[in-house]
Amino acid sequence: MKQISLTEGNVWKVLLRFSIPFVLANLLQALYGAVDLMVIGAFCSADSIAAVSTGTQVTQIITSLISGLTVGGTILVAKYTGMGKLEKVASAISTTILCFALFSVVLTIVIAGAVSPILNLLQVPASSMTEAYRYILICSTGIFFICEYNALCAVLRGYGDSVSPLLFAAAACVCNVIGDIYTVGYLHMGAAGTALATVFSQGVSMILAFFYLRRRSWPFGIALRGLKMERGLFKELVSVGVPVSFQECMVRVSFLYLTAIINSFGVYAASAVGIAGKFDVFAMLPGTSISAALTALTAQNVAAGKRNRARCFVRYGISISLACAAVFFLWAQFHPQSMIGLFSKDAQVAACGIRFMKTCSLDYLAVSVLFSLNAYLNGCEKTVFTMLNCCTGALLIRVPILFFLVSRGVKNLTYYGLVSPFSTVIMIAVIGIYMRRASAPVKYQQRATV
């Protein structure tokens, strides 16, 4: 696949050509969870739906930790590509691959040993506990695959290739769908079957990415057998990526707290909010995808001395994200029952889900702005600020409000759905103030604007 020049050409065309593969790849990855839940809903009970939806909340923390380092790897490769330092690009690729391998080993050990305490904290309904445990434990065996796949995709995207990761995701999605139908529909393995299908599909995507990277012709020297971790670049990757990882993790923790509260309301509420969470992924997918593209676009253009061009990308990115999110927002406002019906025909699940989706869908619009602004700041290596802002929104705004609601005995899901959009708006306001005052200066020396 050809590299796209991110620092030259029409802004609209470059943004669309580079970001559309992000959107499609993330769409396919989101189908993993959606297909899992749809197959479970078709062949199993509400207990199994609650198990998979809760297990997915936990695995999303794993994905969030990995995605933070992915941002760091993308920024590292994109920055030195924008500077034209090809030897540094080769070293950044090597360091990223080895860093992710080391991280995967540590993360696998931690998650595998913490499954039971996590589920107890989440107050998983007793009838769903065993299946949720098996789901998370099996998924944890695929952490190495997830880490290395993300490392290889970070390298390719940072260098300007967003199409190849899309092809890898497509292959994985096909494997996951076939695996779900076979393990759940034919072997009747329930939640464990969906987990096995997911791990297998992740392994396929990693192997495809590995062989592609190995065979690709690079304009600089790189050999996978001679991979080395450069200490300076490792520190740079960690300093940029860890704040994003921590930020994503704390945001997921705040949503896990919401999951724990909803689980205490019973299996129908837990299933309904789990289904709503699947729509969150799809509704916010354009925003998350475009923001991932904007990180690489910003890093390359700022490194090349083209900050105004980077800001143009952000403005256009926000416009596209908002337009896409509005479709799901209007769907949730006018016909939420059809959304719930895609995953469950249970009338009690639908009744709970409709109330929640009416209000939580406001966040579809808010995060479209937040993600793009965060992407710009991350591309400028202001990851510590984005971490502090998002952690404040998650832990000092979202969690206290949730605690207040539950302490007052509120069980109406309408109010719980309002918490996230409220905290997101506060975070956007803080970013607006920061960008006006600081103008987000970068740490590295810029080249002259061409």
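Each value in this text was obtained by applying a stated rule to the coordinates, not by laboratory testing. Everything numeric in this text was worked out from a predicted model, so none of it was measured. Note that we place each Cβ from the backbone using ideal geometry, even for glycine, and neighbour counts take in every protein chain shown.
Per-residue extension of 0.36 nm, minus the Cα-Cα distance of Ala171 and Val410, leaves a gain of 81.6 nm for this segment.
Annotation: average projected area of the stretch 206-315 is 11.0 square nanometres, based on the convex hull of Cα atoms across all directions.
The distance from the alpha carbon centre of the stretch 355-434 to that of the stretch 131-147 is 28 Å, rounded to a whole number. Ignoring lysines fewer than eight residues from Lys85 along the same chain, the ones with Cα atoms less than 20 angstrom from its Cα are Lys2, Lys228, Lys235, Lys306, Lys443.
For the stretch 299-428, a Kirkwood radius taken over Cα pairs fed into Stokes-Einstein (20 °C, viscosity 1.002 mPa s) yields D = 129 µm²/s.
Please tell me the relative contact order of the chain in percent, rounded to the nearest whole number, where contacts are Cα pairs under 8 Å and at least six residues apart. The value is 23 percent. Would you please give the FRET efficiency between Ala112 and Trp12, computed as 1/(1 + (r/R0)^6) with r the Cβ-Cβ distance and R0 = 56 Å, to the nearest 0.05? After rounding to 0.05, the efficiency reads 0.75.
Which values, in whole Å and largest first, are the semi-axes of the equivalent ellipsoid of the stretch 385-433 obtained as the square root of 5 times each eigenvalue of the Cα gyration tensor?
Ellipsoid semi-axes (Å, largest first): 23, 11, 6.
Using a cutoff of 8 angstrom between alpha carbon atoms and counting only pairs six or more residues apart, the relative contact order for the stretch 132-217 works out to 44 percent.
The label-point distance for Gln123 and Phe211, in a model that sets each label 7 Å from Cα toward Cβ, rounds to 4.9 nm.
If the viscosity is 0.890 mPa s and the temperature 25 °C, what Stokes-Einstein diffusion coefficient in µm²/s follows for the stretch 21-147 when Rh is the Kirkwood radius over Cα pairs?
149
Placing unit charges on the Cβ atoms of the charged side chains and taking the dipole of the stretch 292-373 about its Cα centre, the candidate lying farthest along the positive direction among Phe334, Tyr364, Cys312 is Cys312.
Give me the percent relative contact order of the stretch 1-147, please, defined on Cα pairs under 8 angstrom at least 6 residues apart. In percent, rounded to a whole number, it is 29.
Among Lys235, Lys358, Lys382, the residue with the largest mean-square fluctuation in a Gaussian network model of the chain, with springs joining Cα atoms closer than 10 Å, is Lys235. Helices meeting the span-like rule in the chain (full DSSP H runs, Cα extent of at least 30 Å along the helix axis, mean Kyte-Doolittle score of -0.5 or higher): 11-43, 46-83, 86-113, 191-215, 231-263, 267-303, 307-334, 413-438.
Kirkwood radius for the stretch 174-218, taken over all pairs of different Cα atoms as the inverse mean of 1/r, rounds to 11.3 Å. Annotation for Val253 and Glu230: the two label points, set 7 Å from Cα along the Cα-Cβ direction, are 3.4 nm apart. Remark: the Gln337-Ala429 segment gains 29.8 nm on full extension, using 0.36 nm per residue and subtracting the alpha carbon distance. Short to long, the 5 Å bins of the Cα pair-distance histogram for the stretch 269-337 hold 4, 16, 20, 17, 14, 10, 9, 6, 4, 2, 0 percent of all pairs.
Under 29 Å of direct C-alpha separation, and excluding same-chain neighbours fewer than eight residues apart, Lys345 reaches these lysines: Lys278, Lys358, Lys411.
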